[in-house]
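Readers should treat all values here as calculations from the given coordinates under stated rules, not as data from a laboratory. Computed from a predicted model, the values in this text were never measured in an experiment. Please note: Cβ atoms are built from the backbone with ideal geometry, for glycine as well, and neighbour counts cover all protein chains shown.
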Amino acid sequence: MPTLTLHGARERLSQGESSESLVSKALDAAKSSTNGAFNTLDESRSLDRARELDKARKDGKSLGPLAGIPIAIKDNICTEGLRTTCGSKILDGFKPPYSATAVLRLESAGAILIGKTAMDEFGMGSTSESNAFGVVRNPADPTRTPGGSSGGSAVSVAEGIVPVALGSDTGGSIRLPASFCGVVGLKPTYGRVSRYGLIAYASSLDQIGPFASNVSDAAEILSLIAGADDRDNTSARLDVPDFTSALDQGVVGLRVGIPAEYWGEGLDPQVKAALEDGVRRLTDAGAIVVPVSLPSTKYAVSAYYIIAMAEASSNLSRFDGVRYTGRTKDAKSLLDMYSRTRSELFGQEVQRRILLGTFVLSSGYYDAYYAKAQRIRELIRREFQDAFRHCDLLAAPTAPTTAWKLGEKLEDPLAMYLSDIDTIAVNLAGLPGLVVPVSPVGGLPVGLQLIAPAFQESTLIRAGRALEKAGD
Amino acid sequence: MAYSLVIGLEVHAQLSTRTKLFCGCERSFGEEPNMHTCPVCLGMPGTLPVPNAQAVEYAIRLGLALGCRIDPNALFTRKNYFYPDLPKGYQITQTGGMPIYDRPICVGGHMHLVGEGVDRHIEIVRIHMEEDAGKLIHDRGPDSLFDANRCGTPLCEVVTGPDMRSIPEAILYLQRLKQIVEYLGVCDGNMEEGNFRCDANVSLRKDDNAPLGTRVELKNMNSFSNIEKAIQIEIIRQAEILDNGGHIVQETRAYDVARGTTRSLRSKEDAHDYRYFPEPDLVPLQVSEAMVECVRSQMPELPEARARRYVDVLGLPEYDARVITADKALADWYEGILAAGTSPKQASNWFMGDVLRVLKETGKSIQDLPFGPGHIAALVVRIEDKTINGKIAKDLFSEMAQSGKTPDQIIDEKGLRQVTDTGAIDVAIAAVLTANPKELEGFRAGKDKLFGFFVGQVMKETKGKANPAVVNELLKKALAG
């Protein structure tokens, strides 16, 4: 599949191709694709912006590093004046009067936003099938899911429509689709990238991050979007290194931890072989493998779903039919308006999670669920810290299998929840994770997940680049 | 049957910060609906709260004034419920939930209530910060309208233990607390505008040693007199139930001002389950010891200390000191007279007598008087330099209180300058003696009381402008002659 890189796009621009041409080709590719990556395209504004940049370039003005390059943004990240739906009917027609901080930072680097990508409704899913505006297909096999929830962003990069796209990751929503679609996906440390403008699913777990066709591009985008933001109290007050400077540091002597719990039962043997091959590429380049253990991993799925659903039940209360959302017609009372609006306009999975989240926070159940889940979360966080005493990063599967058939897990929510087993502990611990493609299995992509201590994205980028290079 | 009363109070004080608790919108009252809103206080998707440092400082100031411990890592929580005036579907607060997440900014303070027959130790259980909701407007057409100006306004909730034993104690506590927040400059204390609101937990028990009875929470009382009436009504209602062998239902009741009754809002059974949990959008507040010390070092003088200073340093009677310091604006005004050079005693004579009388008669607040403390100081100067006498001064004050003119303006306009010129007074005395031969004869025959009559006549002759001391002296000489 032809991919587009930042380097390639800049090359074309420097050889005289206009931004307008680059953007219009991206728009055409998006429109002609049958894989449904986009919920909304911003045709006229993006072309106007491209022409402005072409003029600025001709006039010899100094331009940002992404000047004239088309990008895509997941549909739960607010974009001023451009429909932002979270893949939900309840936000159909919602045009935020503000942009997310991450979007503003990319735009000020000159990037041109061509559209909003399809996703599981409010990020709640692992297949992108609950997107209210159409089905999303895996470019490697259109009968299969691209993974979720940021399926559209992964597809937009995998198809070469755009070189980079932003997604968000609450329990694996960047990493799983990156693995299933064969692209690079980076989930930064919690707090590394401002969440301002990211429509919350689970506030303590959500994080914005990039999809790209190579590690270098992901590193470059992270450098641009990372850093403290006065609008986000949870954003880290830390300096942001230039992550691209880590790219060619190599992995000689780097200790790669192999957590036993991730590599055992349930992992498809062929997928396992492909992943082990990926680890071997790292050791061939000079890394050292260290066995480690994360014994509480088995509790992660339960803890994750309790915390995520609890937060979601509160975060999604604002979609009540009173202000910017859709509203049911002819409600008989306030309560009737609330319940009918939310029953009619939220999808089934969203309603399920709101109900479960409401339940686990209810008095009488709080200690048994929410409080216990928080204790497990703390335990998981400590186990990661302990593991990182013995290694510099961890290597693990992103998912136990390759992409499933569309519809396969739709009727079995529990099976869907369990598919997140390899990714969610990272969110609970707030760590950064990078997925890099390894050898495909049966024509379907597989990605190796690298996990680093908090704010050590540079280590991931070093190792990710080495892995990528060895595969070239 | 007589019962003993137990009251605990929860006061919501709106902090007088410039902006709202979690966004940069101006705090406002009574303005055009939805003038002071932004995506954050409208709870729009993707927006996040950022704590207002001034609000945190005000909360610390209040906590220190009430002897509280300041939590170095206070947490915010979410209180979840649906209502159209609550844009996010939850209120960010510092209450509720599990003990490990229950960390309000101030805990464990106290207030010692003394005065008006009261001597009681009140525990301040906690002070927590929270955001206010917006307002719904139901009386303009068929639809209900939403005004978000108040959304996100910072509040401090001050919660006492069940420590008050009478209505006067409760009222005294509220007066003191209102006084304190005003002195601290953290709240305007205006009950009508709703920036000092009170809920009362009221219960009865057999006697002071019996275990606490079931409490009822009273809401919607927007003045001291309403609070007094509402509690009174509630006591009667509960006593009747108990007298008839019934049980008090734990519930929330609203005071109906128009009817003078309370009605049930909700009972414990159908109380909301607010599903409190820690607010994930806010990290724990970082309040360092240095920050607390900084706030402590800048604490304004509190009413108790000010009253003590008035007694000890200025030499005012205890009563005057209490009256003047009862309201910060009054005390500031009073000290304005001192600042203009008047002695404390003279200033308090004018203030306690004349200024307070004008306030009472006109119903105005001190800020709305047409004259200021400087006017009083100028008036006193004109008495001391004998430009006017005490009687004229009283008339001049009345004029000043109406027109706001300065004493010198009024003196000049009305020609009130006091006559101390002995020649002019001698002329007046001569005229008076000539005009009243009978009285003169009587006086000389021993009717000493007539001296006062002559003084009055001379003052009348000089249109009240004569210096009374000079008149006395000269009159004595003339009568003796």
- Hydrodynamic calc, the protein assembly as shown: Kirkwood Rh from Cα pairs, then Stokes-Einstein at 4 °C with viscosity 1.567 mPa s, so D in µm² s⁻¹ is 39
- Task: Please figure out what share of the DSSP beta bridges in chain A is antiparallel and state it in percent, rounded to the nearest 5.
- Result: 65
- Item | For the protein assembly as shown, with +1 on Lys and Arg beta carbons and -1 on Asp and Glu, the positive-most of B:310, A:305, A:123 along the dipole | B:310
- Task: Provide, in order from the shortest bin, the percent of all Cα-Cα pairs of the stretch B:356-430 in each 10 Å bin, continuing until the bin that contains the maximum pair distance.
- Result: 18, 45, 25, 9, 3
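At R0 = 22 Å, how high is the FRET efficiency between residue B:463 and residue B:349 if r is their beta carbon distance? Nearest 0.05 is fine. Walk me through the numbers before you get to the answer.
Details: r = 25 Å, r/R0 = 1.14.
Here the calculated transfer efficiency is 0.30.
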- Could you put B:25, A:181 in order, starting from the residue whose Cβ has the fewest other Cβ atoms within 10 Å? B:25, A:181
- Query: At what distance in nm do the modelled label points of residue B:257 and residue B:394 sit from each other, each positioned 7 Å from its Cα along Cα→Cβ?
  - Reply: 3.9
- Task: List, largest first, the extents of the alpha carbons of the stretch B:422-480 along their principal axes, each in whole Å.
- Result: 29, 20, 16
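Can you give the average number of partner chain beta-carbon atoms within 10 Å of each beta-carbon in peptide A:197-206, as a whole number?
Numbers: counts 6, 3, 4, 6, 0, 1, 6, 4, 1, 1.
Average neighbour count from other chains, rounded to a whole number: 3.
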- Taking neighbour Cβ counts within 10 Å as the exposure measure, how do B:114, A:184 sort from fewest upward? B:114, A:184
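Rounded to two decimals, what is the ratio between the C-alpha radius of gyration of chain A and 2.2 N^0.38 Å? Could the numbers behind the result be given before it?
Working: Rg = 21.1 Å, N = 472, 2.2 N^0.38 = 22.8 Å.
My calculation over the Cα atoms of chain A gives 0.92.
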- Would you kindly work out the equivalent ellipsoid of chain B from its C-alpha gyration tensor and give its semi-axes, the square roots of five times the eigenvalues, largest first in whole Å? 59, 27, 22
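Please work out how much length the chain gains when fully extended from residue B:223 to residue B:426, using 0.36 nm per residue of separation minus the C-alpha to C-alpha distance, in nm with one decimal. Kindly include the intermediate steps, with their values, before the conclusion.
Numbers: separation 203, 0.36 × 203 = 73.08 nm, distance 6.05 nm.
Separation in residues times 0.36 nm, less the Cα-Cα distance, equals 67.0 nm.
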- Message: Between residue A:339 and residue A:17, how high is the FRET efficiency from 1/(1 + (r/R0)^6) when r is the Cβ-Cβ distance and R₀ = 51 Å? Nearest 0.05.
- Response: 0.40
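Could you pull out the trypsin sites (Lys or Arg not before Pro) across the stretch B:180-275 that fall in loop regions by DSSP (anything but H, G, I, E, B) with no more than 12 other Cβ atoms inside 10 Å? Numbers along the way, then the final one.
Details: sites: B:197, B:205, B:206, B:215, B:219, B:229, B:237, B:253, B:259, B:263, B:266, B:268, B:275; in loops: B:206, B:215, B:259, B:268, B:275.
Filter output for the stretch B:180-275: B:259, B:268.
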- Query: Mind listing which trypsin sites (Lys or Arg not before Pro) in the stretch A:48-93 are in a DSSP loop and have 14 or fewer other Cβ atoms within 10 Å?
  - Reply: A:61
- Query: So how far apart, in nm, are the two label points at residue B:365 and residue A:272 if each is 7 Å from Cα heading toward Cβ?
  - Reply: 7.7
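Using only the Cα atoms, work out Rg/Rh for the stretch B:301-414, with Rh taken as the Kirkwood radius, to two decimals. Present the calculation step by step, with values, prior to reporting the outcome.
Numbers: Rg = 13.9 Å, Rh = 14.3 Å.
Checking Rg against Rh, the ratio lands at 0.97.
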- Item | Anchor residue B:206: aspartates and glutamates whose Cα lies under 12 Å away (excluding residues fewer than 8 positions away in-chain) | B:243
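Could you pull out the pairs from B:405/B:460; B:360/B:394; B:449/B:477; A:329/B:79 whose alpha carbons sit more than 20 Å apart here? The partial results should precede the final answer.
Working: B:405/B:460 25 Å; B:360/B:394 17 Å; B:449/B:477 16 Å; A:329/B:79 29 Å.
Result: B:405/B:460; A:329/B:79 exceed 20 Å.
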- Message: I'd like the FRET efficiency for residue A:351 and residue A:328, computed as 1/(1 + (r/R0)^6) with the beta carbon distance as r and R0 of 22 Å, rounded to 0.05.
- Response: 0.95
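What's the average, rounded to a whole number, of partner chain beta-carbon atoms within 10 Å of each residue's beta-carbon in A:306-317? It would help to have the intermediate numbers written out before the result.
On the way: counts 0, 2, 0, 0, 3, 6, 0, 5, 11, 7, 2, 11.
Whole-number average of other-chain Cβ neighbours for A:306-317 is 4.
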- Query: Using modelled amide H (1.01 Å from N, peptide plane; none on Pro or chain starts), what sits under 5 Å from the amide H of residue A:288, excluding residues fewer than 5 places away?
  - Reply: A:253, A:254, A:255, A:256
- Message: Run the simple label-point estimate for residue B:417 and residue B:338 please: 7 Å along Cα→C-beta, distance reported in nm.
- Response: 3.5
- When the dipole is taken about the Cα centre of chain A, and only Lys, Arg (+1) and Asp, Glu (-1) are charged at their Cβ, what size is it in debye, to the nearest 20? 660
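Need one value for B:35-47: mean number of C-beta atoms belonging to other chains within 10 Å of its residues' C-beta atoms. Write down the numbers at each step before the final one.
Details: counts 0, 0, 0, 2, 6, 3, 0, 4, 6, 10, 18, 16, 10.
That works out to 6 on average.
Please report A:313, B:264, A:62 as a ranked list, fewest other C-beta atoms within 10 angstrom at the top and most at the bottom.
Working: A:313 24, B:264 11, A:62 7.
In increasing order of surrounding Cβ atoms, one gets A:62, B:264, A:313.
What order, most packed first, do the peptides A:435-441, B:116-122, B:444-450, A:194-200 have when packing is the mean number of other Cβ atoms within 10 Å of each residue? Intermediate results must be reported in sequence, preceding the final value.
Working: A:435-441: 22.7, B:116-122: 13.6, B:444-450: 10.9, A:194-200: 27.9.
My ranking of the peptides, most packed first, is A:194-200, A:435-441, B:116-122, B:444-450.
Output the pairs from A:116/A:187; B:345/B:386; A:31/A:272 with a Cα-Cα distance over 26 Å in this structure; if there are none, say none.
On the way: A:116/A:187 19 Å; B:345/B:386 18 Å; A:31/A:272 36 Å.
Violating the 26 Å Cα-Cα cut-off are A:31/A:272.
Could you tell me how many cubic angstrom of Cα convex hull volume the stretch B:365-481 has per residue?
Numbers: hull volume 12.6 nm³, N = 117.
Value for the stretch B:365-481: 108 Å³ per residue.
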- Item | Percentage of interatomic Cα-Cα distances in the stretch A:185-317 larger than 17 Å | 72
